[in-house]
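The values are calculated or read from the model by the stated rules, or taken from the named source; none is laboratory data. Here the structure is a predicted model, which means the values were calculated and not measured. Positions of Cβ are backbone-derived with ideal geometry, glycine not excepted, and every protein chain shown enters the neighbour counts. Just so you know, the surface numbers come from the protein's heavy atoms only, side chains and all, with ligands and any DNA or RNA stripped out. Shrake-Rupley method; radii C 1.70, N 1.55, O 1.52, S 1.80 Å.
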Amino acid sequence: MQPSLTLSNIRWTTPDGRDVLSGIDAAFTSERCGIVGRNGSGKSTLLNIVAGTLPPSGGSRVVHGTVAMLNQSVDISAGRTVAELFGADEALADLERALRGEADAQVLATIDWTLESRIADALAEVALHCPATTPLEQLSGGQQTRAALAAARFARPDFLLLDEPTNNLDQEGRDALLRLIRRWRGGAIIVSHDRELLDEMDAIVELSAQGATRYGGNGSAYAARRKAERTAAEEALSHARHQADQVARKAQQATERQQRRDAAGRRSGRRGDMPRILLGARKERAENSGGEGRLIAERQRRAATEQVEAAREKIEVIDPLTVRLPSSNLPSDRRVLEVQALRFAYDGAPALFDDLSISLNGPERIAICGPNGSGKSTLLQLIVGALRPQAGRITCHVTHALLDQQAMLLDEGLSIIDNLRARHRMIDRNAAHAALARMGFRADAALQRVSTLSGGQRLRAALACVLGGGEVPQLLILDEPTNHLDLDSIAAVEKGLRHYDGALLIVSHDRRFLDAIGIERHITLAPE
């Protein structure tokens with residue numbers, strides 16, 4: 001039997017009764033399929049149901065074949081090693097004893113003499129070179145992801161399940177993942193917003209309130225289809241508005257004609273040139289026809305208004321998010337940032353920077369690049385004063401704000417709107433709601449507690465809190481801003497940043513994002 005995976009009427013509900021997934025039907029074979037959808041649409045939840053690690057609240061899951069799952073974060077607790085990811089720690093320990101001549105006949109009969117070299121080959125396939133005995137906590141986040149990916153691939157499952165696999169990967173890791181996916185001949189179900197990765201897919205499944213919709217083709221084909229849907233929705237709204245205007249104009253013309261007839265009848269009655277009985281009959285007919293006309297006109301106006309609202313709602317469903325940045329008023333010749341002879345090292349570790357100097361002037365757009373572990377996020381923390389250098393000087397001459405990967409500026413215990421108002425104390429509640437609505441948090445969504453938000457929702461909320469107070473920082477510092485954002489949010493952020501007139505300092509491995517926002521200069525860090 002060919003490997004297959006079928007979901008029928010899948011439903012999943014939170015403990016407090018909120019529906020996350022409802023009526024999900026999907027079928028997968030030996031293909032590469034991307035799962036997309038807005039933040040909070042249940043993508044990771046669905047993947048865990050597919051993996052069998054989370055039971056659905058309703059519906060059925062039928063799997064013919066084996067599955068291996070790579071989660072967004074790797075468990076590094078209790079001194080876990082790379083070998084444990086492969087499920088090979090005991091087998092490698094037996095191999096080590098055998099090589100030392102300490103294994104008995106029973107152990108020798110089960111030894112896999114090629115295991116160590118096969119694990120090394122699997123790690124090399126994802127551009128990772130370290131002993132299998134390496135503790136995971138000694139690896140960077142991206143290296144941990146690569147090790148977990150190698151382990152999932154090593155198991156040779158019929159279905160490989162990946163949840164946002166590029167989030168912590170540097171460029172070398174991303175390229176290694178793309179090569180692996182291109183060579184993969186089994187089934188792959190991948191939750192991702194990464195456009196390069198989605199372009200390697202054979203099909204895209206979009207999760208929404210309407211269920212799971214399948215699109216044939218890769219990510220670019222899906223994006224083109226969505227663009228066509230958006231264009232059609234805009235045309236439908238324009239047509240509905242035109243129809244509503246026509247209905248209103250015809251109703252006004254009918255009212256004016258009736259008023260002219262009524263006035264003529266009254267003049268005729270005053271002259272006495274019409275018998276009273278005929279005059280009364282005409283008046284009754286006029287009142288009846290006028291009343292019917294008003295009812296018909298009202299029904300037509302109501303129908304036209306409903307069509308306009310339906311068309312507008314469809315556009316909001318397709319394109320619900322806008323990021324508009326007011327002018328930062330940054331002069332083109334203003335000195336923005338100076339980093340001079342910077343040196344920094346964590347306790348007991350080699351120096352990340354030694355004599356690093358950077359200058360940023362006017363509305364420059366700079367990307368900080370480098371492999372995992374080269375200190376990109378650390379540099380941003382030094383610039384905003386969260387860390388102190390051992391030597392050198394950092395001077396920021398303009399207002400600035402940092403949006404980090406974990407959205408640490410948010411208070412977990414407060415709602416989104418309370419976080420915004422705590423950061424911008426002069427803003428009133430109505431203005432705060434309007435600012436959050438532009439970031440996709442409409443009405444009651446703005447009242448959600450931060451601790452309940454998905455990763456992408458947290459990033460959008462943090463962005464709203466940084467930018468929603470009216471006064472825009474003249475320097476925006478962003479650390480992997482696309483890591484947890486959905487495709488619609490990425491497009492909106494790209495559009496907003498393209499029109500931003502301040503300075504940008506960004507850490508990102510997303511090449512398409514950097515191209516879209518017009519990065520002018522790349523500064524590459526390398527570990528010492």
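Among the residues of segment 486-528, the ones that are modelled with pLDDT of 90 or more, assigned to a loop (DSSP other than H, G, I, E, B) and within 21 Å of residue 226 (Cβ to Cβ) come to 2 in all.
Please specify each residue of segment 428-438 satisfying the condition of being open to solvent by 40 Å² or more (accessible area, probe 1.4 Å) and part of a helix (DSSP H, G or I). Within segment 428-438, 429, 430, 431, 433, 434, 438 qualify. For segment 439-461, taking the residues that are assigned to a helix (DSSP H, G or I) and within 13 Å of the chain's Cα centre (by Cα), the one that is nearest to residue 404 (Cα to Cα) is identified as 459. The set of residues from segment 184-196 being surrounded by 15 or more Cβ atoms within 10 Å (Cβ to Cβ) and either under 23 Å from residue 48 (Cβ atoms) or of a type in the set (Ser, Thr, Tyr) (or both) comprises 186, 187, 188, 189, 190, 191, 192, 193, 194. Does residue 470 satisfy the condition of being assigned to a loop (DSSP other than H, G, I, E, B), modelled with pLDDT under 90 and either within 20 Å of residue 501 (Cα to Cα) or touching a Lys or Arg at 6+ places or on another chain (Cβ under 7 Å) (or both)? Against the criterion (assigned to a loop (DSSP other than H, G, I, E, B), modelled with pLDDT under 90 and either within 20 Å of residue 501 (Cα to Cα) or touching a Lys or Arg at 6+ places or on another chain (Cβ under 7 Å) (or both)), residue 470 qualifies.
Apart from one condition, residue 150 fits all of (1) farther than 24 Å from residue 97 by Cβ; (2) part of a loop (DSSP other than H, G, I, E, B); the exception is (2). Can you name the residue in segment 396-412 that is in contact with a strand residue (DSSP E or B) (Cβ under 6 Å, 6 or more places away or on another chain) and not in a strand (DSSP E or B) and, of all such residues, is nearest to residue 485 (Cα to Cα)? Residue satisfying both the conditions and the ranking: 405. Checked against the criterion of being modelled with pLDDT of 90 or more, out of contact with any His (no Cβ under 8 Å at 6 or more places or on another chain) and either surrounded by 20 or more Cβ atoms within 10 Å (Cβ to Cβ) or of a type in the set (D, E, K, R) (or both), the candidates 388, 425 yield just one match: 388.
Each residue in segment 470-515 was checked for being open to solvent by 30 Å² or more (accessible area, probe 1.4 Å) and free of Cβ contacts under 8 Å to residues at least 60 places away in the same chain, and 3 pass. Taken over segment 135-178, the criterion of being open to solvent by 40 Å² or more (accessible area, probe 1.4 Å) and without any contact (Cβ under 8 Å) to a residue 24 or more places away in the chain is satisfied by 138 alone.
For segment 238-252, check the following and say yes or no: at least one residue is modelled with pLDDT of 80 or more, surrounded by 14 or more Cβ atoms within 10 Å (Cβ to Cβ), among the aliphatic types (A, V, I, L, M) and under 41 Å from the mean Cα position of the chain (by Cα). No; the residues of segment 238-252 include none that is modelled with pLDDT of 80 or more, surrounded by 14 or more Cβ atoms within 10 Å (Cβ to Cβ), among the aliphatic types (A, V, I, L, M) and under 41 Å from the mean Cα position of the chain (by Cα).
Answer yes or no as to whether residue 29 is open to solvent by 30 Å² or more (accessible area, probe 1.4 Å), in contact with a Ser or Thr (Cβ under 8 Å, 6 or more places away or on another chain) and at negative phi. So residue 29 passes the test. Across segment 76-94, the number of residues qualifying as part of a helix (DSSP H, G or I) and over 16 Å from residue 154 (Cβ atoms) comes to 5. The residues of segment 335-373 that are surrounded by fewer than 16 Cβ atoms within 10 Å (Cβ to Cβ) and over 33 Å from the mean Cα position of the chain (by Cα), listed by number, are 335, 340, 341, 343, 347, 348, 349, 350, 354, 355, 357. Within segment 52-69, the set of residues being surrounded by 15 or more Cβ atoms within 10 Å (Cβ to Cβ), closer than 21 Å to residue 12 by Cα and among the aliphatic types (A, V, I, L, M) comprises 63, 67, 69.
Could you please tell me which pairs satisfy a Cβ distance under 7 Å, a separation of 6+ or placement on different chains, a first residue in segment 197-220 that is farther than 18 Å from residue 183 by Cβ and open to solvent by less than 20 Å² (accessible area, probe 1.4 Å), and a second residue that is assigned to a strand (DSSP E or B) and among the basic types (Lys, Arg)? Pairs found: 203/214; 205/214.
The residue that is most open to solvent (accessible area, probe 1.4 Å), among those in segment 100-130 that are assigned to a helix (DSSP H, G or I) and farther than 23 Å from residue 147 by Cβ, is 106. Total residues in segment 391-402 satisfying the condition of being touching a residue at least 60 places away in the same chain (Cβ under 8 Å) and surrounded by fewer than 17 Cβ atoms within 10 Å (Cβ to Cβ): the figure is 2. Of the listed requirements (1) modelled with pLDDT of 90 or more; (2) closer than 24 Å to residue 136 by Cβ; (3) open to solvent by less than 50 Å² (accessible area, probe 1.4 Å), residue 43 misses just one: (2). Criterion first (of a type outside the set (Asp, Glu), farther than 27 Å from residue 189 by Cα, touching a residue at least 12 places away in the same chain (Cβ under 8 Å) and in contact with a helix residue (DSSP H, G or I) (Cβ under 9 Å, 6 or more places away or on another chain)) does residue 107 satisfy it? The answer is yes for residue 107. Considering only residues in segment 78-94 that are without any contact (Cβ under 8 Å) to a residue 12 or more places away in the chain and not acidic (Asp, Glu), the one that is surrounded by the fewest Cβ atoms within 10 Å (Cβ to Cβ) turns out to be 78.
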